[in-house]
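Report on the structure given below.
The values are calculated or read from the model by the stated rules, or taken from the named source; none is laboratory data. Just so it is clear, the structure is predicted and the values come from calculations on it, not from any experiment. Here the Cβ positions follow ideal geometry from the backbone for every residue, glycine too, while neighbour counts run over all protein chains shown.
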Amino acid sequence: MNETIGYRLRDLRVEHRSRCLLDISALDLRAGRITVVVGPNGSGKSTLLRVLALLQEPSAGTVELFGATVDHRARELTAQRRQVTYVGQAPLLFHGSVRANAAYGLRVRGRAADGAVDAALAAVGLQGFANRTARRLSGGEVQRVAIARALAIDPPVLLFDEPTANLDRAAVPLVEALLRRLGDAGKTVVLSTHNLEQAYRLGDDVLALHDGRVTAIGDELAK
């Protein structure tokens with residue numbers, strides 16, 4: 001059976017101030033799967049996620065999303081970006097309520113919130129938080145609102161940079177279960193983590209980065 005490729009990267013390099021942040025000759029990420037990226041600080045995990053989010057233009061090479069080449073100067077870029085939602089390590093919330101923040105992605109797309117925002121907040125355990133002031137939340141609560149904002153859009157691709165790093169211990173299983181459900185629902189999910197046990201607990205595919213290069217994929221990490 002032929003598997004659909006979500007992302008195809010070829011001869012990809014990302015450079016900044018004469019330093020190579022990513023150097024990936026060939027990498028395919030399967031659609032409808034959870035791919036977990038592991039590696040130490042500075043290994044290129046966040047840079048890779050920004051490339052996949054179509055927010056970071058590579059210095060060289062090509063990125064394909066669902067078979068379509070990404071061109072950062074093409075008019076199609078906005079439509080391609082809207083297939084992807086990215087939640088960074090330190091997400092920002094705007095002034096206003098939790099509901100307004102969770103609904104932001106829908107609002108800029110001209111879509112009605114309907115019940116999507118309430119369902120997304122419930123999915124991250126923030127029922128009853130909708131009318132709270134977003135700027136008064138804890139770091140872990142901010143992270144969960146950002147995840148809810150991504151869920152409300154319901155894109156085919158969701159990217160998470162260390163999604164449980166800022167959470168209190170009680171919230172980690174909740175978010176891990178949510179990520180697993182996204183994978184079971186056929187979403188293409190890519191997330192980074194320092195926790196190898198978490199990577200294998202959540203990932204259908206696991207890859208390791210070191211100094212911007214892919215050093216192991218899948219079961220090779222267990223050797």
Quick one: in the stretch 150-171, which of the residues that are more than 12 Å from LEU191 (Cβ to Cβ) and in contact (Cβ under 8 Å) with a residue 60 or more places away in the chain is surrounded by the fewest Cβ atoms within 10 Å (Cβ to Cβ)? PRO156
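For every residue, the table says whether it meets (1) more than 23 Å from LYS187 (Cβ to Cβ); (2) touching a residue at least 40 places away in the same chain (Cβ under 8 Å).
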{"residue": "ARG8", "(1), (2)": "no, yes"}
{"residue": "LEU48", "(1), (2)": "no, yes"}
{"residue": "LEU55", "(1), (2)": "no, no"}
{"residue": "ALA60", "(1), (2)": "yes, yes"}
{"residue": "LEU65", "(1), (2)": "no, yes"}
{"residue": "ARG82", "(1), (2)": "no, yes"}
{"residue": "PRO91", "(1), (2)": "no, yes"}
For the stretch 116-144, give me the residue count where each residue is part of a helix (DSSP H, G or I) and of a type in the set (A, V, I, L, M). 9
Residues LEU49, LEU93, LEU54: which one is in contact with a His (Cβ under 8 Å, 6 or more places away or on another chain) and closer than 30 Å to ALA177 by Cβ? LEU54
Is there a residue being crowded, with 21+ Cβ neighbours inside 10 Å and more than 22 Å from GLY42 (Cα to Cα) anywhere in the stretch 191-211? yes
Matching residues in the stretch 202-223 - criterion: being closer than 24 Å to ALA90 by Cβ, of a type in the set (D, E, K, R) and part of a helix (DSSP H, G or I): none
Inside the stretch 42-81, can you point out the residues that are modelled with pLDDT of 95 or more and of a type in the set (Lys, Arg)? LYS45, ARG50, ARG81
